[in-house]
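As structure tokens, the structure follows; a few thoughts come after it.
Every number in this text was worked out from the coordinates using simple rules, so none of it is lab data. Computed from a predicted structure; not experimentally measured. No Cβ is skipped: glycine too gets one built from the backbone with ideal geometry, and neighbour counts run over all protein chains shown.
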Amino acid sequence: MATTVFGWTQPTVGGSTGTWGTELNNTLEAIDGDLNTTKTTADAALPTTGGTMTGEITATTQTWTHSANGATGAAFVMDLDSAMCFSATVDQATSITFSNEPASGTGVFVVLELTNGGAFGITWDANLKWAGGTEPSWTTSGVDIVTFFTRDAGANWYGALAIADAS
């Protein structure tokens with residue numbers, strides 16, 4: 001007597017030899033069809049490129065693309081299309097701004113490893129607001145880690161000194 005697992009009929013062990021080929025072929029075709037249906041459903045639900053995921057995602061780790069920029073020059077732009085983590089050495093009075101912020105309603109954190117930030121004057125993005133309402137004091141010869149956040153396409157950036165004089 002045949003048993004059923006996931007709706008597929010298994011041939012009886014020691015049963016009629018003429019039924020094995022037909023039973024196995026039918027079972028393999030059923031498996032193939034079910035797997036194809038599952039693949040089609042999964043591909044439609046989450047395409048390998050593009051598409052939109054909804055709901056909560058739990059990540060155990062997160063990595064960000066890093067953009068090593070060397071000297072800032074007179075103007076340093078943190079282009080969010082290229083990275084979310086930046087490093088730069090202030091080598092003269094400089095203006096630091098953001099570009100390519102995500103659409104409003106999407107929150108984004110940005111990290112900046114700022115070397116020698118206190119050695120020269122820095123003019124920050126006009127939309128940047130500092131924790132406590134005052135720009136931090138930057139290390140003249142060393143590294144500070146700065147974090148930034150926006151959720152409204154860069155209309156408001158919030159900045160904080162995360163680690164002072166990390167060198």
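Some observations on this one:
- GNM result for the chain, Cα springs below 10 Å: residue of GLY121, GLY55, GLY133 fluctuating most strongly: GLY55
- Between THR48 and LEU24, residue separation times 0.36 nm minus the direct Cα-Cα distance comes to 5.3 nm.
- With coordinates expressed along the principal axes, the C-alpha atoms belonging to segment 66-163 extend over 38, 29, 21 Å, beginning with the largest.
- Model label points for THR65 and PHE109, set 7 angstrom from Cα along the Cα-to-Cβ axis, are 2.0 nm apart.
- Residues PHE98, PHE148, ranked from the fewest to the most other C-beta atoms within 10 Å, line up as PHE98, PHE148.
- ASP165 paired with LYS129, simple spin-label distance in nm, labels 7 Å along Cα-to-beta-carbon: 3.0
- If you bin all the Cα-Cα distances of the chain at 10 Å, starting from zero, the percentages per bin are 9, 26, 20, 10, 9, 8, 9, 7, 2.
- Comparing ALA68, ALA44, ALA103 in a Gaussian network model of the chain where C-alpha atoms under 10 Å apart are linked, the largest mean-square fluctuation is found at ALA44.
- Nearest-20 debye value, the chain charge dipole, Cβ charges on Lys, Arg, Asp, Glu: 160
- Using just its DSSP H runs of length 4 or more, each adding -39500 (n - 2.57), the chain gives a mean residue ellipticity at 222 nm of -6500 deg cm²/dmol after division by all residues.
- The residue among PRO102, GLY132, TYR158 whose Cα reaches farthest toward the positive pole of the charge dipole of the chain, with charges on the beta-carbon of Lys, Arg, Asp and Glu, is GLY132.
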